[in-house]
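First the structure, in the form of structure tokens, and then the observations on it.
The values are calculated or read from the model by the stated rules, or taken from the named source; none is laboratory data. From a predicted model like this one, the values you see are computed outputs, not experimental measurements. Cβ: placed from backbone, ideal geometry, glycine included. Neighbour counts: every protein chain shown.
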Amino acid sequence: MQKLDKESRYIKAKERVDELKKFYGHLWSYILVMSALALINYLTNGFSYMWFLWAAFGWGIGLFFHAIGTFRLNPFFGKGWEERKIREFMEEDEQTKKWQ
């Protein structure tokens, strides 16, 4: 039983690390691409019109939501929400089995 618990904790931890790696990869590519776009913008018009900010803003929204999901910062589904819901559904299931 303890070996199974240890394996499941390992799998959960590995999934979490993979999730973090994906986010940091996303962040790194955002930084590189936005730096390149800013450089192109500067070289073409000297920042008289900073068009690269439109791309930075659009992609930044996606990056923001990726960060919320990765770091579990969702204000609507706070820490422990998922576990509470799972317990709630399991209790409901047990209650319906008792009456059948």
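Pairs linking a residue in the stretch 2-26 that is under 16 Å from R72 (Cβ atoms) to a residue that is small (G, A, S) and surrounded by 10 or more Cβ atoms within 10 Å (Cβ to Cβ), with Cβ atoms under 7 Å and 6 or more positions apart or on different chains, are F23/A67. Criterion applied to F52, F64, F71, F77 was being surrounded by 10 or more Cβ atoms within 10 Å (Cβ to Cβ) and more than 30 Å from E15 (Cα to Cα), and the one residue passing it is F52.
Per this entry, E88 is not counted among residues that are under 21 Å from A13 (Cβ atoms) and among the acidic types (D, E).
Only one of the numbered conditions (1) out of contact with any helix residue (DSSP H, G or I) (no Cβ under 8 Å at 6 or more places or on another chain); (2) modelled with pLDDT of 85 or more; (3) not β-branched (V, I, T) is violated by E83, and that is (2).
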